[in-house]
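The values are calculated or read from the model by the stated rules, or taken from the named source; none is laboratory data. If you're wondering where the values come from, they're calculated on a predicted model, not measured in any experiment. Cβ atoms come from the backbone with ideal geometry, glycine included; neighbour counts cover every protein chain shown. Accessible surface is based on the protein model in full, side chains and every heavy atom, while ligands, DNA and RNA are left aside. Shrake-Rupley method; radii C 1.70, N 1.55, O 1.52, S 1.80 Å.
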Amino acid sequence: MSGAQDSLEIKFRLIDGSDIGPKSFPAAASVANLKESILSQWPKDKENAPKTVKDVKIISAGKVLENNRTVAECRSPLYDVPGGVTTMHVLVSQPPQEKEKKPQLLHLQLQIRDGGVCITYCCF
């Protein structure tokens with residue numbers, strides 16, 4: 001690779017259609033580096049901001065990019081347009097929802113003593 005091919009202009013499209021970038025990244029930059037850049041440039045007015053790099057998924061050419069891959073390895077022949085900007089899509093993993101509250105189990109015990117009824121119960 002030489003000159004302009006040693007780097008790639010990338011903009012990141014968020015789920016609401018807004019973009020971060022474009023910004024130039026060296027071909028040797030890892031996907032993890034791209035995610036760190038996304039975190040640092042995340043718009044302050046967005047509610048669904050990722051908290052860590054693990055919360056971010058980058059999709060390019062229909063594939064989820066792995067953290068240990070480089071920009072060069074993820075490059076598609078479609079990107080080799082001189083002066084072109086590559087658009088990659090960003091998904092943010094939502095924090096796990098609070099576990100559904102399980103209905104409480106109720107244990108009823110009915111006892112008949114001396115002509116009367118005694119009911120005991122326990123909640124689990």
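Which of (1) in contact with an Asp or Glu (Cβ under 9 Å, 6 or more places away or on another chain); (2) open to solvent by less than 30 Å² (accessible area, probe 1.4 Å); (3) without any contact (Cβ under 8 Å) to a residue 24 or more places away in the chain is the odd one out, the single condition Phe12 does not satisfy?
(3)
Mind listing just one residue for me: the one in segment 41-54 that is part of a loop (DSSP other than H, G, I, E, B) and open to solvent by 70 Å² or more (accessible area, probe 1.4 Å) and, of those, modelled with the lowest pLDDT?
Glu47
Within 19 Å of the chain's Cα centre (by Cα) and modelled with pLDDT under 95, is that true of Leu14?
Here the answer is yes, as Leu14 does meet what is asked.
Within segment 22-40, track down each residue that is part of a strand (DSSP E or B), open to solvent by 30 Å² or more (accessible area, probe 1.4 Å) and touching a residue at least 24 places away in the same chain (Cβ under 8 Å).
Pro22, Pro26
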